Every structure is written in C-alpha cells, then in structure tokens.
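The values are calculated or read from the model by the stated rules, or taken from the named source; none is laboratory data. As the structure is a prediction and not an experimental result, all values here were calculated from the model. Using ideal geometry, Cβ is built from the backbone for each residue, glycine included, and neighbour counts are taken over all protein chains shown. Remember, those area values only see protein heavy atoms, side chains included, never the ligands or the DNA or RNA. Shrake-Rupley method; radii C 1.70, N 1.55, O 1.52, S 1.80 Å.
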Amino acid sequence: MKKIPKFETVEVWEGRYHDQSTRWERDDINGALVEWLTSQQLQPGHILIPGCGRAAEPFYLAERGFEVVALDFAPSAIEFQQQKLQTYEKPPTVAFEQVDVMNWHAPAPFDAIYEQTCLCALNPGQRQDYAAQLRDWLKPGGKLFALFMQTYREGGPPFHCAMDDMRQLFGTDKWQWPDDDGLRSDHSNNKVEIGMVLTRRGD
Ligand SMILES: C[S@@+](CC[C@H](N)C(=O)[O-])C[C@H]1O[C@@H](n2cnc3c(N)ncnc32)[C@H](O)[C@@H]1O
C-alpha cells in the first residue's frame, strides 16, 4: 500500500484551517484571474476549481456568469464556503463538494479548470495522477488556467512547480502550451505564481 505522507492528509489540512495557519490565502482576487477575464481568454462556462479552500475566486467567477463547481476535502473549508453562499439573497451558480481530488470523477466534462494552489499542495509523487485527473475533467479543447507556484526551494507544501517539470507533466502530446511566458502573479506572502493557459488536446 502507498504510504501517505503526513502533510497530505485531510486531517493536516483541516488542522491548518482550525489553527488559522493559512498563509496561502489572499486578501484580493488573483491578478492573473482578473487579467484572464479582462482579456476574455476566460469566458463564462462550466468551470471547476479543485482545492478551493476558503478562496473568494469561486464566488468571483459565479457572480460573473460562470457555473462553478469547487472541490476541497477539508470540512471546514467547505463549510465556510457553504455559509458564505447562504448569505446571498440570490445565490450565484456555485456548488461546493467535500471530496478528495485524487479520486473524484466529474459527472460531465468542464469547459475550464482554474487551478490555484492545489497542485503545489499535493505531494510531487501525486502529480502524474493529478495531471491525469485534470485532463479527464476537461472537454477536448477545454482550458486549464494554471497558476504554477514558484518557491525555488526543496520541500513543501507549497512544492516548487519548476516550469521545466510542468512542461514534462503537461506534455505537448496532451496539452497545447501558449507561445507567451505566462503571467506573473505575486502574493503578499512573497510567493510568486506563473499563470499559464493550457489547452487540452485530443478526444
Ligand atoms: C494551499 S491551499 C489553497 C486553497 C485555495 N486554492 C486558495 O487559494 O486559498 C490547498 C487546498 O487544497 C486542499 N487539498 C489538498 N489536497 C487535497 C485533496 N487530495 N483533495 C481535495 N482537496 C485537497 C486543502 O484542503 C486546501 O484547502
């Protein structure tokens, strides 16, 4: 049986929310997401957000006409989001599911996925399986709006998502990469992400 490193467990993530040890959280909406919306690279449709935590992005997208499904296995993150949803007089189209992204199956493929700090939260040994999940969840031609965490250090989470490693993980036989260098997204905790829009190839 595969040994699960301690930091990967739902108990550890739940403990972080419980202890308010959540330095990854943003006070604002990720600048890369705002840019993708402004440039209309990301247009309303059926979108998935894996490892959503307590982030505001699921609501930001739902309020702009997206049909959002957001996943997390930490109970208090999902409860937080459900409570926020209940504060709306007219709730936006967002559904939260408390599931493990490593074994969740999409009832129907999505037009887009917004990947904000879920990949970097996983053990690098899980990356191949997670990349296969991302592909399975998307329609052919669907877009992966990925924020690749750059820590330039060993260990994690967050684990460094070196761009060379990402190009191997999301190989060009399965994904089309843009010609540009992506967007740089800074976090107040001094972490930097590279935003890239990959298109799922094949059928
Ligand atoms: C670094 S946090 C990021 C949360 C959110 N995306 C944000 O930007 O605030 C990583 C999140 O992924 C969740 N997570 C980690 N592994 C998971 C798994 N296997 N299945 C579902 N959620 C997972 C954790 O509970 C946590 O909420």
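Taking a 1.4 Å probe, which of Glu57, Glu63 shows the most accessible area, and what order do the others take after it?
Correct descending sequence by accessible area is Glu63, Glu57.
Under 13 Å from the Cα of Lys191, which aspartates and glutamates turn up, not counting those fewer than eight places away in the same chain?
Within reach: Glu25.
Amide H to amide H under 5 Å from Val94: which residues, 5+ apart in sequence or cross-chain, H placed 1.01 Å off N in plane?
Val68
List the residues of segment 52-66 whose backbone N lies under 17 Å from a point placed 7 Å from the Cα of Glu14 along the Cα-to-Cβ direction.
Only 52-54 fall inside the zone, counting backbone N under 17 Å.
Take Lys191, project a point 7 Å from its Cα along the Cβ direction, then tell me which residues of segment 110-128 have their backbone nitrogen under 15 Å from it.
Residues 115-124 fall inside that zone.
Read phi for every residue in segment 74-91 and hand back ³J(HN,Hα) as whole Hz from Karplus 6.51 cos²θ - 1.76 cosθ + 1.60, θ = phi - 60°, with x for Gly and Pro.
Result, rounded to whole Hz: 7, x, 6, 5, 5, 5, 4, 5, 5, 5, 5, 4, 6, 7, 7, 5, 10, x.
Expressed as a whole percentage, what fraction of the accessible surface of the chain belongs to carbon and sulfur atoms when a 1.4 Å probe is rolled over the protein heavy atoms?
Values: 5130 of 10710 Å².
So the carbon and sulfur contribution to the accessible surface is 48 percent.
Per residue, how much accessible area does the chain have with a 1.4 Å probe, in Å²? Don't skip to the answer; put the middle values down first.
Values: 10710 Å² over 203 residues.
Accessible area per residue, the chain: 53 Å².
Just to be sure I understand the model, the point goes 7 Å from the Cα along the line to the Cβ. What's the resulting Arg26 to Ala108 distance in nm?
2.8 nm
Over 28 Å, how big is the tail of the calculated P(r) for the chain, in percent of all Cα pairs? Display every interim value, and only then the final one.
Numbers: 4249 of 20503 pairs.
For the chain, the share of Cα pairs beyond 28 Å comes to 21 percent.
Going through segment 78-178, which chymotrypsin sites (Phe, Trp or Tyr not before Pro) have at most 11 other Cβ atoms within 10 Å and a DSSP loop state?
Numbers: sites: Phe80, Tyr88, Phe96, Trp104, Phe110, Tyr114, Tyr130, Trp137, Phe145, Phe148, Tyr152, Phe159, Phe170, Trp175; in loops: Tyr88, Trp104, Tyr152, Phe159, Phe170.
Filter output for segment 78-178: Tyr152.
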